[in-house]
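The values are calculated or read from the model by the stated rules, or taken from the named source; none is laboratory data. Everything numeric in this text was worked out from a predicted model, so none of it was measured. Neighbour counts run over all protein chains shown; Cβ positions are idealised from the backbone, glycine included.
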Amino acid sequence: MRLLLATRNRHKVRELEALLAPVGIDPLPDGIELPPETGETFAENALGKARAAAAATGRVAIADDSGIEAEALGGAPGVRSARYAGEDATDEENLARLLREAPAGSPLAYVCAMAYVDPERGIEEVFEGRCTGTLAAEPRGTGGFGYDPAFVPDEHPDRTMAELSPAEKDAISHRGRAVRALRSWLGT
């Protein structure tokens, strides 16, 4: 089985290749436009991307939308996580803003919605995963991406996500949990 992955984020491609194996994924072909992430929920954004990829190719497509929610900020940045410090902000700029605005030790949650769209059979499903933790005082570690250097997961309270091995991160991450739910539903 091969699925079309509706993303241009190379970090997500690498993570999802490992998480979905032995299910194969193919990258989004050049020229296919994905809709802007204007939904109010992670599920809305993920479904929009998967629907666009499936409609353009006629293939079964998957897409995720994910981000971080800070309790101290009323759930922000949430669905705006990739654009928290501005429309073209880097991961480092987004992380710096979170560290300025939320107090160290405050509760966080990583959230992922993984959408599956089969245009031929008319099937649409969304699988969600969450990982809870707290905000580190400063970034630590070189693994992962995005907010990982400041996310201290409840399961490993002495390290940030960026300090975990890929296998440790995949076992507890929001994306890992959403993908395992998808794989279970697929029967793989």
Legend entry - Within the range 81-92, tally of residues that are in a helix (DSSP H, G or I) and loosely packed, with under 14 Cβ neighbours inside 10 Å: 1
Inset, instruction - Can you tell me which residue among 82, 63 is at pLDDT below 95 and under 19 Å from residue 110 (Cα atoms)? - result: 82
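So that you can scan it fast, the table gives a plain yes or no per residue for (1) closer than 23 Å to residue 40 by Cα; (2) among the aromatic types (Phe, Trp, Tyr):
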| position | (1), (2) |
| --- | --- |
| 71 | yes, no |
| 80 | yes, no |
| 127 | yes, yes |
| 143 | no, no |
| 154 | no, no |
| 158 | no, no |
Inset, instruction - Mind telling me which of the residues 95, 164, 135, 186 ends up being out of contact with any strand residue (DSSP E or B) (no Cβ under 9 Å at 6 or more places or on another chain) and hydrophobic (A, V, I, L, M, F, W, C)? - result: 95
Legend entry - the range 8-42, residues that are among the small types (Gly, Ala, Ser), part of a loop (DSSP other than H, G, I, E, B) and surrounded by 12 or more Cβ atoms within 10 Å (Cβ to Cβ): 39
Legend entry - The one condition in (1) outside any helix (DSSP H, G or I); (2) in contact with a helix residue (DSSP H, G or I) (Cβ under 8 Å, 6 or more places away or on another chain); (3) among the β-branched types (Val, Ile, Thr) that residue 179 fails to fulfil: (1)
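Looking at 77, 119, 103 in this structure, which one is touching a residue at least 12 places away in the same chain (Cβ under 8 Å) and surrounded by fewer than 18 Cβ atoms within 10 Å (Cβ to Cβ)? Talk me through it step by step, then tell me what you get.
On the way: 77 fails: surrounded by fewer than 18 Cβ atoms within 10 Å (Cβ to Cβ); 119 fails: surrounded by fewer than 18 Cβ atoms within 10 Å (Cβ to Cβ).
After applying the criteria, what remains is 103.
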Inset, instruction - Check off (1) within 19 Å of residue 174 (Cα to Cα); (2) assigned to a helix (DSSP H, G or I) for residue 53 and give me the number that stays unchecked. - result: (1)
Legend entry - Among (1) surrounded by 14 or more Cβ atoms within 10 Å (Cβ to Cβ); (2) under 16 Å from the mean Cα position of the chain (by Cα) - the single one residue 52 does not satisfy: (2)
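Results for (1) assigned to a helix (DSSP H, G or I); (2) at pLDDT below 95, shown as yes or no for each residue.
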residue	(1), (2)
105	no, no
124	no, no
127	no, no
131	no, no
141	no, no
149	yes, no
167	yes, yes
